[in-house]
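Notes for the one structure printed next.
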Amino acid sequence: MKQIPLIKLLVIFSAIFAQAQSKHTISGYVKEAGSKEALLGVTIFTSGGEHGVISNDFGFYSLTLPDGDYEITFDYVGYTQITKKVHLDSNVKLNVYLTSTENNLGTAVVNLKKRERESEKVRMSTVEIPIKQIKEIPALLGEKDVLKVIQLMPGVQSGSEGQSGLYVRGGGPDQNLIILDGATVYNAQHLFGFFSLFNGDALRSVELIKGGFPARYGGRLSSVIDMNMKDGNKEKTTGELGIGLISSRGVLEGPINKGKGSYIISGRRTYIDVLAQPFIKMQQSQNNTGNSTTGGYFFYDLNAKVNYELSDKDKVYLSGYFGRDKFYLRERYEFGEQAIDSRTNFGWGNGTGTLRWNHVMNPKLFVNTSLIYSQYNLDIASKEGQNDTTQFELRYGSGIRDYAIKHDYDWYPNTRNKVKFGFAATHHTFTPSALVLLDDFDSTNIKNKTEYTGVETGIYIEDEIKITSKLKTLSGIRLSGFHVGDQNYFNFEPRVSLAYKASKNLSVKASYATMNQYVHLLSNSGVGLPTDLWVPATERVKPQSSTQYALGLAKDFTKQNFSVTVEGYYKTMNNIIAYKEGASFLQVGESLAGEGESTRKVTWEDNITSGQGTSYGTEFLLQRKEGKLTGWFGYTLSWTKHKFDSLNLGKEFYARYDRRHDISVVAQYQLKKNITLSATWVYGTGNAITLPISTYRLDEFPPRGSQFDYWAQGQEYTERNGFRMAAYHRADIGVQFKKEKKRGVRTIEVSAYNLYNQKNPYYYFIGNRDRFNPESEKVLKQVSLFPILPSISWNYKFK
Amino acid sequence: MKLHIIIAITTLIAFASCQGVVDNVELPKIEEKVVVQTGMSNLDSTFTAKITLSNPVFKSRKDIVSVEDAEVILKGVNANDTLTYDVVNAIYTSKANVNLAAGNRYDLEVNTMDGKSLSSSAVMPVLPTGIQVEVDTITHSDYDQYRYTISWDKPAEGAYYEVRVYQIMDFDLSADTFLHWDSEYVFSGDVSASRLSERLSIYDYERFGAFKGVLIYVSGITREFYDYSKVLYNYEPENPFSEPITIPTNINGGLGMFVLKNSVLVTK
């Protein structure tokens, strides 16, 4: 009797993998008509929807069916469905071109037939964000921002006012794997987090995964944000220009050897520094001292990509991102007869590069090989000298640099199985700190650099299996490893997602995922400063790990054209790190606290402590992706707690970004063909912070009488993160006016950030009620950053 | 040019922050706490305690207030005493000589007139043994350095040591010997080596007088005091990049520290 289940299992697997001789494969690419841009995530299904597949990240699909006559439908949000009749008695290659339902003004034509609905997807905790929505949602100073749109999704929290950091299901900003064309982006923020690197101009797709992670992803605990850049228009040269309040941007794309390849270049630069120059010069001319000061801040982004079809079966892509923030200050002044020249620079930036080769090995097997480079670095430099000689020089830097290879297969053995497998290896070089300090005055000459190298590996296999007509599963396993110094870590990471279709439009879903993370981000209070350090797991600092369970429902309301998902999750995190109390990134290279110079010097490992985290909650999402009125309503109820032996006296405490309630409402309405209205409203429970509550004297021991009095002032705080800031809420609105011109479409957007001028707290401090009177009452004060901020931008998209 | 200026002003406004008093959240209820800083070493003859009140941040009191009318009781082998308040020195002192013995537990009780009761206890640590000190001179062109190396028997697991070093200076202007506090270290018996090597720099020889040697206390300390000392080494509340520190206390019902040290004094 005991053998029966095993036999049943074997029969099922045999049936699943059995290859009937009378089956053949339809395969090819799905592309956009006109630009021939590959379309990923297109639903391809037979009439009746019995068999189906989704196009992969490069637009490739493969569907193996018994011989016969079929009507194959290709369907994608925002594009007109196409149905092709296919007579199948041998393998068929079928490239399909879908036409956008947008007219020249970008107005969507509603097209609703069969879609892959939420209730049909096996994956849960996954959100695809249309680029069109990103471009229409009102933004701070009109700067469109992918990460800030992601923040509007349930389960995702922002840090503080205006910040683009992401806190997904209780995880920190370091626990998000942000991938751009396969390359990891380590610091996705400009201007201390007020803007992100991604404005959507060069992006083709954005997907957020919060749980139920497919095995092909690894290396982070809390989320994956997978972004793909556009390939560029293969038919004609075209472009886009945009001018905003603080930056301008441009996109140029066009064909290479028409039809065979294409390129796209996208750039953005701020001009705060340029605008400020007249004021600085005006100030200097008023001072009339002969001294001169120049300074400013700017950031820029540059995305570029080229691709080329070597043959029907081979394509190559080369893409890259380069971006940098820079503060600079130069002063020239006279001191006696000496001319002093002082320069200070503070900059940080990312660079990524990806070379990919697609090869269709056979109609059922697609392979992609990627060579990837990624780096992030921070530089602080200060130099002072007189009469063209340098007398003082300080250079501090930190960063991370990766070289990686990925080799991924998509195998479509039959209509029941979609298999992905492959491996990845990444060579990391971490530089937590590199310091050069030269000072002629006291003959200081310090040069030290700490550097670690590590190799991270991952091998995986996953299979999306249609077990019955009602039950689907995406199961996989990833073996991850990390080698650093003499230390080796290996971990199995099983992943399972299940979807059971309870009725035509309702499914019950569940998922389980374990994740490991071999890199840590050392961050003071999680503010997300560029000074945060990327460091590896070492012998002393173990890799982070997490286990996440999720259970949910997905319901489609097809008549009304919206979907509802409700998910509950429970996540545990181990070996998460934090700075020890009183420690900061500046305390490196000193003697170990209080243990004399003969002991070893302080390293970043001495400044940190590791602990556990728990996060659980419920997320509700009501979303409408098509129609005159689109948008979503999201609500999250969650708890996030941490426990570290050496923090908060070992007691559990709420994470800084623990947020009990988080609401976001996003709406876009097509008022007329050429007018789109958009609005957002967000509400979130206040951040949990540690507040100083009293001061007291710390005497030396044994305490002595008043004549020998020596004491210092101690500070008493609430429990760690034991005080709640006021709740955050804000409304933004925007309106886009489009006009068709001779050579393209002009869009003017007028928007307002923080419409009702809510003074949301950025941070709290203790101060005097009257700031100019130190005798006045001590009160809790807040600094608010952004009042109501109107903005206007101009955009021109060439035909 | 007009447009240029308008854009610049708009941008500046965008980044202008504003301050305000927080009136939409409930502030934590903060009570004044009694702060007891007390203790002694085997080298002292009396037991002393400094008792003050903490100063809640939202009160405008500027000065530290001493508690002058508390009942302070020390209990333990050869140490039962009720301390008396010395108004001149603003400190509580034991009436009798106290002789603390290693391994014995001592209890402290503090009762204030407004009904607050605080308590603490500590076990007298074991005396460090095998202490040796060597001093080498390193002469530089404009100053001298003395490298002193102190070694001691490795403390047992779970034991904690403190080393305090003072320079003994002989001033030209005075016949008195001046003890200049130099440095202080704490060690955990669990992880630390039983050896300390440190340089002591004597700058501007002519001005500050003759260096006569070093005075070194090597003390066995309690775990609580070890944690307290380690925390205070990192204590920089004014550093914006520094995490807030919870200063440990072993005073039940209040703040502060009850410290017992078993010390060996070495002069070299």
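Quick notes on this one:
- Residue in the range B:240-263 that is outside any loop (DSSP other than H, G, I, E, B), at pLDDT below 85 and either out of contact with any strand residue (DSSP E or B) (no Cβ under 9 Å at 6 or more places or on another chain) or surrounded by fewer than 20 Cβ atoms within 10 Å (Cβ to Cβ) (or both) present: no
- Number of the condition not met by A:T614 [criteria: (1) surrounded by fewer than 18 Cβ atoms within 10 Å (Cβ to Cβ); (2) modelled with pLDDT under 95]: (2)
- Within the range B:68-110, restricting attention to residues that are outside any loop (DSSP other than H, G, I, E, B) and in contact (Cβ under 8 Å) with a residue 60 or more places away in the chain, the residue that is farthest from B:V35 (Cα to Cα) is B:Y106.
- Among the residues making up the range A:464-505, those that are part of a strand (DSSP E or B) and more than 24 Å from A:S546 (Cα to Cα) are A:I465, A:K466, A:L471, A:K472, A:Y500, A:K501, A:A502, A:S503.
- Checklist (1) touching a Gly at 6+ places or on another chain (Cβ under 7 Å); (2) among the aliphatic types (A, V, I, L, M); (3) facing chain B (nearest Cβ under 8 Å) applied to A:I693, failing item: (1)
- The one condition from (1) surrounded by fewer than 24 Cβ atoms within 10 Å (Cβ to Cβ); (2) at pLDDT 85 or above; (3) closer than 30 Å to A:S615 by Cα that A:G171 does not meet is (1).
- Test result for A:G589, at pLDDT below 65, away from chain B (no Cβ under 14 Å) and in a loop (DSSP other than H, G, I, E, B): yes
- For the range A:745-799, the set of residues classified as more than 9 Å from chain B (Cβ to nearest Cβ), touching a residue at least 24 places away in the same chain (Cβ under 8 Å) and not in a strand (DSSP E or B) consists of A:N754, A:L755, A:Y756, A:N757, A:Q758, A:N760, A:I788, A:K799, listed by residue number.
- Residue ID - modelled with the lowest pLDDT, chosen from residues in the range A:683-697 that are surrounded by 21 or more Cβ atoms within 10 Å (Cβ to Cβ) and part of a strand (DSSP E or B): A:R697
Matching residues to (1) closer than 30 Å to A:R540 by Cα; (2) polar (S, T, N, Q); (3) not assigned by TED's automatic domain parsing to the domain that holds A:Y186:
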position	(1), (2), (3)
A:D408	no, no, no
A:T415	no, yes, no
A:K418	no, no, no
A:L435	yes, no, no
A:T457	yes, yes, no
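- When A:E626 is tested against (1) out of contact with any Gly (no Cβ under 7 Å at 6 or more places or on another chain); (2) among the charged types (D, E, K, R); (3) in a strand (DSSP E or B), exactly one condition is not met: (3).
- In the condition set (1) within 26 Å of B:Y217 (Cα to Cα); (2) surrounded by 14 or more Cβ atoms within 10 Å (Cβ to Cβ); (3) within 14 Å of chain A (Cβ to nearest Cβ), B:L127 is compliant with all but (3).
- Test: residue in the range A:633-644 that is over 30 Å from A:V665 (Cβ atoms), at pLDDT 95 or above, surrounded by fewer than 20 Cβ atoms within 10 Å (Cβ to Cβ) and not hydroxyl-bearing (S, T, Y): yes
- Within the range A:662-684, not a single residue is within 11 Å of another protein chain (Cβ to nearest Cβ), over 22 Å from A:F562 (Cα atoms) and in contact (Cβ under 8 Å) with a residue 60 or more places away in the chain.
For every residue, the table says whether it meets (1) free of Cβ contacts under 8 Å to residues at least 12 places away in the same chain; (2) buried (at least 19 other Cβ atoms within 10 Å of the Cβ); (3) over 24 Å from the mean Cα position of the chain (by Cα); (4) in a strand (DSSP E or B).
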{"site": "A:Y333", "(1), (2), (3), (4)": "no, no, yes, yes"}
{"site": "A:A339", "(1), (2), (3), (4)": "no, no, yes, yes"}
{"site": "A:N345", "(1), (2), (3), (4)": "no, no, yes, yes"}
{"site": "A:T354", "(1), (2), (3), (4)": "no, yes, no, yes"}
{"site": "A:W357", "(1), (2), (3), (4)": "no, no, yes, yes"}
{"site": "A:L378", "(1), (2), (3), (4)": "no, yes, no, yes"}
{"site": "A:E393", "(1), (2), (3), (4)": "no, no, yes, yes"}
{"site": "A:Y409", "(1), (2), (3), (4)": "no, no, yes, yes"}
{"site": "A:K418", "(1), (2), (3), (4)": "no, yes, yes, yes"}
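- Residue in the range A:716-727 that is within 13 Å of another protein chain (Cβ to nearest Cβ) and among the hydroxyl-bearing types (S, T, Y) present: yes
The values are calculated or read from the model by the stated rules, or taken from the named source; none is laboratory data. As the structure is a computational prediction, the values presented were derived from the model and not from experiment. When we count neighbours, we look across all protein chains shown, and the Cβ atoms used for this are built from the backbone with ideal geometry, even at glycine.
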